[in-house]
Amino acid sequence: GAVVSQHPSRVICKSGTSVKIECRSLDFQATTMFWYRQFPKQSLMLMATSNEGSKATYEQGVEKDKFLINHASLTLSTLTVTSAHPEDSSFYICSAVPGGYNEQFFGPGTRLTVL
Amino acid sequence: EDQVTQSPEALRLQEGESSSLNCSYTVSGLRGLFWYRQDPGKGPEFLFTLYSAGEEKEKERLKATLTKKESFLHITAPKPEDSATYLCAVQAEVGTYKYIFGTGTRLKVLA
């Protein structure tokens, strides 16, 4: 149980384009999801908290107009990287919290490469 | 300021050589401490949750313990497949499920 999927697993795009990453909880409902960014050999950096039906809460230093988050249902949150640039290249990971749990369960991650 | 520190940063063990990973934390109020395993290019995999000092959890060759200041992840007779980065995280903020992550310990078990 507590399976989280992400799509796509890898994406390569040109500078200036927008990329959407989906995060789905497959076997549970999640009122809260999180989006992280991870650089090589570093720990996870929290970007934002996504709550179903309300606006995302962004961490300090994260541009909300750059990283658009939508949590339209209890099983789906999306992260859109707008006007992507090479410095946005990274490993993006989402997590979800099942109702009644405290633990976060993580997706497999999405590798974004911006050329 | 709430903080989580893991040590060592990297650890190389021979197969069968038991050891422990440390996670020290400084938080105003601990709501939970979590251990994860992360393989390269993948998302973290949940291992354990600990809530109070003295609590212990076990799974196969892994055992997690908790005191008021730190947690240990003991690895008994490790195998090469235990090679991964082990992440510790704490929940400290009331009303959210946010984590404060440590920087992780990269474990390599040699055959």
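Throughout, read-outs are computed from the coordinates displayed, never taken from laboratory work. None of the values given here were measured: they were computed from a predicted structure. Here the Cβ positions follow ideal geometry from the backbone for every residue, glycine too, while neighbour counts run over all protein chains shown.
Structural remarks
- Fraction of alpha-carbon pairs over 24 Å apart in the protein assembly as shown - percent: 45
- Kirkwood Rh (inverse of mean 1/r, distinct Cα pairs), chain A, angstrom: 14.0
- Calculated FRET efficiency for the pair B:Ser19/A:Tyr101, C-beta based, R₀ 45 Å, to 0.05: 0.90
- By the beta-carbon count within 10 Å of each Cβ, the least crowded to most crowded order of A:Val4, A:Val11, fewest first, is A:Val11, A:Val4.
- Bridge type composition, chain A - antiparallel percent by DSSP, nearest 5: 90
- Label-point separation, B:Ser7 to A:Ser9 (7 Å along Cα→Cβ), nm: 3.8
- Counting all C-alpha pairs of chain B, share separated by more than 22 Å (%): 27
- For the residues of B:40-47, the average number of beta carbons from a partner chain within 10 Å of their own beta carbon is 6.
- Charges were assigned to the Cβ only: +1 to each Lys and Arg, -1 to each Asp and Glu. The resulting dipole of the protein assembly as shown about its Cα centre is roughly 360 debye.
- Out-of-range pairs (alpha-carbon distance over 27 Å; input A:Lys55/B:Lys69; A:Lys64/B:Lys42; A:Lys20/B:Lys108): A:Lys55/B:Lys69; A:Lys20/B:Lys108
- Centroid-to-centroid separation of the stretch A:5-56 and the stretch B:1-55 [C-alpha atoms, Å]: 23
- Plainly put, the stretch B:15-55 has a radius of gyration that is 1.03 times its Kirkwood radius, both from alpha-carbon atoms, as the Rg/Rh ratio.
- Each peptide in A:83-91, A:96-104 receives the mean, over its residues, of other Cβ atoms within 10 Å, and ordering these scores from highest gives A:96-104, A:83-91.
- Note: relative contact order over chain B, using C-alpha pairs below 8 Å and six or more positions apart, is 36 percent.
- Rounded to the nearest whole Hz, the Karplus-based 3J(HN,Hα) values (6.51 cos²θ - 1.76 cosθ + 1.60, θ = phi - 60°) of the stretch B:44-54 follow the sequence x, 10, 5, 10, 9, 10, 10, 10, 9, 4, x, with x at glycine and proline.
- Residues whose amide H falls under 5 Å from that of A:Ser89, counting only those 5 or more places apart or on a different chain, are A:Val114, with hydrogens built in the peptide plane.
- Taken residue by residue and averaged, Cβ atoms of other chains lying within 10 Å of the Cβ of A:37-46 number 4.
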